[in-house]
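First up is the structure itself, then whatever we jot down about it.
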Amino acid sequence: MWQFFHKLGSPKWFYGIAGRFMPWLLGAGLLLSLCGIVWGLLFAPQDYLQGNSYRIIFIHVPTAFLAQSVYMMIAVAGVITLVWKMKVADVFVRSVAPVGVVLTLLALFTGAVWGKPTWGAYWVWDARLTSMLILLFLYLGIIGLGYAYSDEKTAARSVAVLAIVGVVNIPIIKYSVDWWNTLHQPATFRITEKPTMPAEMWVPLLLVVLGTYLLFGWIAFYRMQTEILRRERRTRWVRELVQTGGQSQLKTGGA
Amino acid sequence: MTEPLQQADHLLKAQRLECERDGRTLFRDLSFSIVPGTLTRVEGPNGSGKTTLLRILAGLNDNWSGHIHWCGRPRHKQWDSVRRNTLYLGHRPGIKGVLTPMENLQALVAGRQAVSRDVLSRALVQVGLGPWQNVPCEHLSAGQKRRVALARLLFADEPLWLLDEAFTALDVEAVAAVERLLADRVRDGGAVVMTTHHQPALDDMQRILLGHGPGQPAAEVSDEPVAEVSHG
Amino acid sequence: MAFESFSALVYMEGHGPYVWTCYGAFFLLLGLLAWYSVFERRQVVRAQRDQQPLQTSRQGDSSDWGRSGEASFQRIQSSHSETASKS
Amino acid sequence: MGSRQPLAVPLLDPVNSSPGVWHAMVAVLRRDLRLSVRQKQDLLNPLLFFVMVVALFPLGVSPESSFLGEAGAGILWVGALLATMLSLDHLFRFDFEDGTLEQIALQPQPLFLLVLSKILAHWLVTGLPLVILTPLLGLMLYLDGNSVAVLCLTLLIGTPVLSLIGSVGAALTVGLRAGGVLLSLLVIPLYIPVLIFGTGTVMAAGSGADVSGHLALMAAMLVLALVLAPLAAAAALKISLSAS
């Protein structure tokens, strides 16, 4: 276990192992999410309350879910950065924070568009949307702080502290926003709870959720590889990789 | 990692220190020990990492790798003792302009040492600030402000002093006086590590030589030690 | 199949524009993210390739002007002062 | 450890030879208070800012008593929040720049306790005056007596939380030359729960509900911030010092 942990800290080893996983992540991710989306759009039955607009759920919930869990992952990586000083953890934070922003933006956008047919306005100060907006601020803070420091180590450790402080705050923020707006809809879907939706609705949703997680894994690995190439550009293995590895290996990360 | 302890007569021992800053290696494979009763001068051109080294020794900078031992045991296991037994004076020594020399000293010393007002007052007199004791420091000259900071050395009881550019802005007599103070301290068994721009008139100095200057990109730093300790 | 015809699928009883906008944004943004990531990778690799010959050639060339870090603080004769002294 | 020559300058025992933690904390507090008293601007600026921001709302939105009575608590809370936030950048910056902060970090006492002292000093010179000024501004915004009392109570519990959370942001940005704007970006999302509970409590009081539960919740937030924020701020300060 510890050996594995130690190895994981080595950018070179991580570069290789990520390359081996990526094709599978990409393939399975695309397959699952496309299946789920097609099922949800074409075959799932209409919701008796919201009509067809509920079909936005098949992308709103996965992006919102993922946006939140990416923030948690960043905080976990922050703990690893501070405690074990592992380089790869920081590479993860750097590469993944922009992805989190994109996901949060998507969740906000789809939520707002969904709001129009449901509530009659594009923006309603609904608890979940407001929480997502605050999450966006948290992400922007992390990115802003990360780019403010020119020294990579300082940036990494500062961002780690901020992410941990943010993650301690997320439950408080969620609770306070829920309290502030008690008129919100109950959370649509939780893995741990028995779903109240019919299976024809939640199975495709589950597919898309799983698929986007896998796709996130792929884009995270891909971006991490790029970041590693950038950071380790002075090392011999990166030089050799760039010279002898050839384009194809670098683009897909080998396999 | 832990080697068998040798005679632990050193206060501080650094083994294979390496420090990289903004992608540039400042020093590598730097080993030395600081023994009571010695004066060590860190030497090197601008940008070679003298201040960084002192900050590492003080425990302010932790972007380094290697081993630092304090009195024979790894330093990170005994921060309390390290902090209490090390006095670090940076080139910005923490003197507030709106406070008087007396108030400044009181605030700086409060957490370290129980020193009476009387002692502080005598220290200020002896660094030549007797008449200025109750004048806000913003009205003092740069050299006088430096004297406020250095007044701490007149009663400091820490065995290890780390002085970064302690002589800046002092006039010739003051420099000589501080040099005498350091020599006395070393004779009494204290240890001093310092950086200075002038060549101090002190015999029996240890030297830590750093770097060849900022022109060297990190990629080209060879494996030969860029730093060494010689006894002068 | 929840829809009887293609046009019913597109129209979705009036909710079509909202649903399709969302899906459009989803694919567009994720596509942009993927494209940008590939673009970044190419840039990094290209920068690295362009730099390598430079780095290897530099190693032997120690006389490279201004790289030794030694200072002489000699005054520099600027062309302006030169012409001024001539006239 | 074998035979060792006795040192003429002995090693000091960190516990017995240095003044206690309490003494050190009081010294830090005293210095900061003294600095604020000598530099009156630090003391006055947040207050003036608070008053002016609050005065903008009747001018910019509506001076009707119906609007102000409804929104007054929120306006005062937002004003207090912004005033606190503006003063945060100075919390560590001057100490960082003149070397005081490294001397504090090198003291034998735990850094987070000394940081707590600094935060307390910050609250005493910014948060507390805001609370004291609130009844006056509350009257100008047509708040009734009960609401003003509850508002003051929420600010009394809430402004220390603002100072505590803000100290983490200040510590993270102290090494940056233009850290002020970034500091706001970092701190605002963390301030939202405090704001929500603060104004929510006043509104609940306005509708005649019992607010002791709300106040207890705010007190719990204060305790949590009191325990965690100094630790995080101390960690952040060490990072910032390490980079300088």
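The values are calculated or read from the model by the stated rules, or taken from the named source; none is laboratory data. Please read these numbers as outputs of a predicted model, since none were measured by experiment. We place every Cβ from the backbone using ideal geometry, glycine too, and count neighbours over all the protein chains shown.
Observations, loosely collected:
- Unmet criterion (only one of (1) free of Cβ contacts under 8 Å to residues at least 60 places away in the same chain; (2) more than 13 Å from chain B (Cβ to nearest Cβ); (3) more than 15 Å from the chain's Cα centre (by Cα)) for D:Gly69: (1)
- Filter pass, B:Val82 being closer than 24 Å to B:Asp188 by Cβ and either in contact with a strand residue (DSSP E or B) (Cβ under 6 Å, 6 or more places away or on another chain) or not small (Gly, Ala, Ser) (or both): yes
- D:Ser212 fulfils the conditions (1) more than 10 Å from every other protein chain (Cβ to nearest Cβ); (2) at pLDDT 90 or above except for a single criterion, (2).
- Inter-residue pairs, beta-carbon under 6 Å, first closer than 24 Å to A:Gly166 by Cα and in segment D:191-209, second of a type in the set (Phe, Trp, Tyr), 6+ apart: D:Leu195/D:Trp77; D:Ile196/A:Trp180; D:Gly198/D:Trp77; D:Thr199/D:Trp77
- Number of the exception - A:Met73 against (1) touching a helix residue (DSSP H, G or I) at 6+ places or on another chain (Cβ under 6 Å); (2) not in a loop (DSSP other than H, G, I, E, B): (1)
- Residue-level analysis places A:Thr110 among those that are under 17 Å from C:Leu33 (Cβ atoms), of a type outside the set (Lys, Arg) and modelled with pLDDT under 95.
- Identity of the residue in segment A:101-128, in a helix (DSSP H, G or I) and within 14 Å of chain D (Cβ to nearest Cβ), that ends up farthest from A:Gly51 (Cα to Cα): A:Val101
- Single condition D:Leu156 does not satisfy, out of (1) in contact (Cβ under 8 Å) with a residue 24 or more places away in the chain; (2) in a loop (DSSP other than H, G, I, E, B); (3) surrounded by fewer than 19 Cβ atoms within 10 Å (Cβ to Cβ): (2)
- Residue in segment C:10-37 that is modelled with the highest pLDDT, counting only those that are facing another protein chain (nearest Cβ under 7 Å) and more than 19 Å from A:Ile59 (Cα to Cα): C:Ser37
- Any hit, segment D:169-192, residues being farther than 27 Å from D:Arg93 by Cβ and either more than 10 Å from every other protein chain (Cβ to nearest Cβ) or outside any helix (DSSP H, G or I) (or both): no
- Qualifying position, being surrounded by fewer than 23 Cβ atoms within 10 Å (Cβ to Cβ), closer than 27 Å to C:Leu32 by Cα and out of contact with any Leu (no Cβ under 9 Å at 6 or more places or on another chain), among A:Tyr175, A:Tyr122: A:Tyr122
- Segments classed as strands (runs of 3 or more DSSP E), wholly inside segment B:1-90, with at least 3 members that are within 27 Å of B:Arg146 (Cα to Cα) and more than 12 Å from every other protein chain (Cβ to nearest Cβ): B:39-43
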